[in-house]
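A quick write-up on the structure given underneath.
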Amino acid sequence: AITIDTVVPSTATPALDLITADDSGSSSTDNRTNKTAYTINATGLEPGATVELKEGATVIATATVSAGGTANFSVTAATSGTHDYVVAQTDAAGNTSTTAILLMVDVDTAVPAAPGALDLATVSDTGSSNTDNITSDTTPTISGAPVEPGAIVTLYDSDGTTVLGTTVADGSGNWSITPSSILSSGVHTFTTKQTDTAGNQGPASAPLAVTIVTGAPIPGTPDLTTLTDSGISSGDNLTNDPTPDFSVSGVDGNTISVFADVNNDGVFNAGDIALGSAVVAGGVATITAAPDMLDGPYVIRATQTDLGGNVSAASSPLA
């Protein structure tokens, strides 16, 4: 019995793909890798055929097609750059197919640069300055100079290993990360690294120190200063000065704000009268009331705002 087979194996049905384990980086389907040795899987082949993987005219690997029509090829010592692979299969009768470009693999082993300078986003830099990197935000947003478009940026806490969040840079390389968990009070030294689309991770960025401050202390009870406590006693809190001075104890560098608590409910809200604010120096802030206060009794309270922008509860009242 002699079987005559003159049918040339098809070049339309075979398909090549870099296996998922070797397709490193941000996508497992883009055929970009940082490996120089990898495996290519071929499907849609003629069972029993002998198939060659070629790059140009060079045979890279040879395999026998399984009963399911698949074959695997091991590529070793690939150089950086793009590689165009084709297959040619020879069936059991000796018919050899033509070849066609079926797969392009991009090998990238270059380590990306360290990300540029980091910055605390303005919306997260609370307090008296939006450039001092002091904040009351326990999940502050960090951004930085552009990186490689499509790169994965990872934000690390002070130890350089605790991951606070990741993001993918946009088409211009811009990115920002907001930590996924609440951070503790104190100084956090943030760094970032970028991982390119082939899976190469670069060195850490320069550090950014951010101070998180939470919970401003309640200031002392306001006191009418001796110079503005007119009349027969300097301690009776009676005055004919419509813009009296109030002294309040607090923490140096913090800001004390004084208000007339019209409802005497211990909270500054609608209807209360803001009288002014000043920065604490030497443990005391002195605030001159403005605008002019009308004749009558007042309940005076103060709040303290720390460098992170946290506002304390109101002080005890001064009548």
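Roughly how many debye, to the nearest 20, is the charge dipole of the chain about its Cα centre, given +1 on each Lys and Arg Cβ, -1 on each Asp and Glu Cβ, and no other charges?
For this selection, approximately 840 debye.
On full extension of the chain, what length is gained from Thr29 through Ile273, given 0.36 nm per residue of separation minus the C-alpha to C-alpha distance?
Full extension from Thr29 to Ile273 adds 81.5 nm.
Which residues among the range 1-34 fall inside the zone where the amide N is under 12 Å from a point 7 Å beyond the Cα of Thr70, along Cα→Cβ?
Counting only backbone N, you get 17, 19-20.
Rank Ser24, Pro203, Ala37 by how far each Cα sits towards the positive end of the charge dipole of the chain (+1 on Lys, Arg Cβ; -1 on Asp, Glu Cβ) and give me just the farthest.
Ala37
Dipole magnitude of the range 189-267 about its Cα centre, charges +1 at Lys/Arg Cβ and -1 at Asp/Glu Cβ only, in debye to the nearest 20?
The dipole of the range 189-267 has a size of about 620 debye.
Under a 1.4 angstrom probe, counting protein chains only, how are Ile101, Ile19, Ile40 ranked by accessible area, largest first?
Ile101, Ile19, Ile40
Order the following by accessible area, largest value first: Ile142, Ile134. Probe radius 1.4 Å; ligands, DNA and RNA are ignored.
From most exposed to least exposed: Ile134, Ile142.
Roughly how far apart, in whole Å, are the Cα centres of the range 124-185 and the range 57-74?
47
State to the nearest 20 debye the size of the charge dipole of the range 128-208 about its Cα centre, where the only charges are +1 on K and R beta carbons and -1 on D and E beta carbons.
40
Take peptides 114-121, 166-173 and line them up by average Cβ neighbours within 10 Å, highest first, as a rough protection proxy.
Top of the packing list down: 114-121, 166-173.
Please report the accessible area of Arg32 (heavy atoms, 1.4 Å probe, ligands and nucleic acids excluded) in Å², nearest 10.
Its heavy atoms expose roughly 50 Å² to the probe.
With the cut-off at 24 Å, report for the range 8-164 the share of all Cα pairs above it, as a whole percent.
Cα-Cα pairs of the range 8-164 separated by over 24 Å account for 52 percent.
Of Ile4, Ile287, Ile273, which has the most accessible area with a 1.4 Å probe, and how do the rest follow in descending order?
The ordering from most to least exposed comes out as Ile4, Ile273, Ile287.
Of all DSSP beta bridges located in the chain, what percent are antiparallel, nearest 5?
Percentage antiparallel, nearest 5: 95.
Where the centroid of each part is defined by its Cα atoms, how far is the range 215-268 from the range 297-319 in Å?
Rounded to whole Å, the Cα centres lie 9 Å apart.
The values are calculated or read from the model by the stated rules, or taken from the named source; none is laboratory data. The structure presented is a predicted model; accordingly, all values stated were derived computationally and were not measured. Here the Cβ is made from the backbone with ideal geometry for all residues, glycine too, and neighbour counts use every protein chain on show. SASA here: full protein model, heavy atoms, side chains in, ligands and nucleic acids out. Shrake-Rupley method; radii C 1.70, N 1.55, O 1.52, S 1.80 Å.
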